[in-house]
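Nothing in this text is a laboratory measurement; each read-out follows from the coordinates by a stated rule. The structure displayed is predicted, hence computed values, not measured ones. Backbone-built Cβ (ideal geometry, glycine too); neighbour counts: all protein chains shown.
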Amino acid sequence: MGMGPVEYIVVGFPGNKFDGKIAPALAKLVDDNLVRILDLVFIGKDADGTIVSFEFDEIDGEESFTVIDGEVGGLIGQDDIAHVAASLEPGNSAALLIWEDVWATEFLEALGGADAMLLEGGRIPHALVQEALAGLPAAS
């Protein structure tokens with residue numbers, strides 16, 4: 001079986017205000033077979049600048065993340081954690097998430113079957129799309 005595109009995001013939680021509210025939405029994406037979580041690490045910086053990190057299944061008392069199905073771990077290394085931590089102010093945290101776009105696997109396999117190949121791809125920032133759409137004339 002092929003593999004879909006793999007993406008990552010870093011989500012910040014100013015003031016370490018992480019409460020697990022994103023877990024149900026992430027679990028739904030997995031349950032709907034749209035994405036497969038490859039790794040998810042939380043990174044925090046204490047008030048004194050000490051860096052801490054842990055996989056999502058190591059969160060004590062945060063049952064909301066137990067609903068996420070997936071074989072998580074191993075892709076995010078110490079260099080990745082250090083890179084994210086370098087951008088964190090003391091007293092803040094972030095989540096580093098790597099996932100496979102399972103929904104695109106069949107399309108990529110079709111490309112291969114048609115002797116075609118993906119030459120380029122990218123993500124357009126949401127704000128730019130919103131701005132461009134706002135500038136279009138209204139549909140009649």
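Where the alpha-carbon atoms of the chain are placed on the principal axes, they occupy 53, 42, 28 Å, in descending order. Placing unit charges on the Cβ atoms of the charged side chains and taking the dipole of the chain about its Cα centre, the candidate lying farthest along the positive direction among TRP103, LEU136, GLY77 is LEU136. Descending by average beta-carbon neighbour count within 10 Å, the peptides 16-25, 37-46 line up as 37-46, 16-25, the highest first. Based solely on its DSSP helices, what 222 nm [θ] is calculated for the chain when runs of n ≥ 4 H residues each add -39,500 (n - 2.57) and the sum is averaged over all residues, nearest 500 deg cm²/dmol? It comes out at -7500 deg cm²/dmol, rounded to the nearest 500. Working from label points 7 Å from Cα in the Cα-to-Cβ sense, the SER87 to ALA110 distance is 3.4 nm.
Can you tell me the FRET efficiency between ARG123 and THR50 if r is taken as the Cβ-Cβ distance and R0 is 41 Å, rounded to the nearest 0.05? Approximately 0.80, to the nearest 0.05. Can you work out the PRE-style zone for VAL10? Point 7 Å along Cα to Cβ, and I want the residues of the stretch 16-54 with backbone N under 12 Å. The answer is 43-44, whose backbone nitrogens lie closer than 12 Å to the label point.
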